[in-house]
Amino acid sequence: MSERKLTAKYASLEKLEERIKKEGVKPEDHTLYNDLLEWRAIKHELEASGIFKEVLIIGAKIRAIISETLFLEIYYDPTTKSYSYGLVDMTLPYIGDKRIFGWDDYPHEGMKEIKRLKSYPHHFQRREKETYQSI
């Protein structure tokens with residue numbers, strides 16, 4: 001089961017841990033415990049990469065911290081199946097979105113050129129000074 005499915009099922013790792021503490025694990029059904037192990041394994045894989053100082057699971061979002069101001073953010077909404085991931089630099093001087101680059105499936109209705117992409121609505125974006133360029 002992927003991290004996004006675990007999030008959709010339990011909301012967060014912490015909530016699953018609380019549920020296990022409260023309800024326990026039944027001898028005939030180890031689903032909760034198996035899901036807990038899988039979630040911890042996903043977090044462990046990111047931590048074991050050696051790239052990140054800390055890995056946080058916040059609801060449907062994973063934030064893998066590289067430095068005090070730089071992190072990878074991965075988001076998935078199981079309801080709409082919408083996703084995005086990007087490298088975020090909090091030192092960028094721009095108001096709002098501080099992604100250096102990212103990939104998502106947001107349709108950006110006001111951007112006609114994005115609809116010409118073969119992969120639309122899926123697209124890569126990279127920052128070029130104060131704006132994003134969609135590729």
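Taken as Cα centroids, the range 69-106 and the range 38-57 sit 18 Å apart, rounded to the nearest whole angstrom.
The rule of thumb for compact globular proteins, 2.2 N^0.38 Å, goes into the C-alpha radius of gyration of the range 1-50 1.17 times. Can you tell which of Ser49, Ser119, Ser67 shows the greatest fluctuation in a Gaussian network model of the chain with Cα springs below 10 Å? Evaluated over the chain, the most mobile residue of the options is Ser49.
Estimated at 0.36 nm per residue, the fully extended path between Glu47 and Ser119 surpasses their Cα-Cα distance by 22.8 nm.
Checking every one of the trypsin sites (Lys or Arg not before Pro) in the range 33-65 against DSSP loop status and a limit of 16 other Cβ atoms within 10 Å picks out Lys53.
Between the labelled values (i) 14.9; (ii) 10.3; (iii) 8.0, the entry that holds mean projected area of the Cα convex hull in nm² as derived from this structure is (ii).
Between Met111 and Tyr33, residue separation times 0.36 nm minus the direct Cα-Cα distance comes to 23.5 nm.
Comparing mean-square fluctuations of Glu18, Glu73, Glu54 from a GNM of the chain with C-alpha springs under 10 Å, the top value falls on Glu18.
Rule-based calculations on the coordinates, nothing more; no lab input. Because the structure is predicted, anything quoted here is derived from the model rather than measured. No Cβ is skipped: glycine too gets one built from the backbone with ideal geometry, and neighbour counts run over all protein chains shown.
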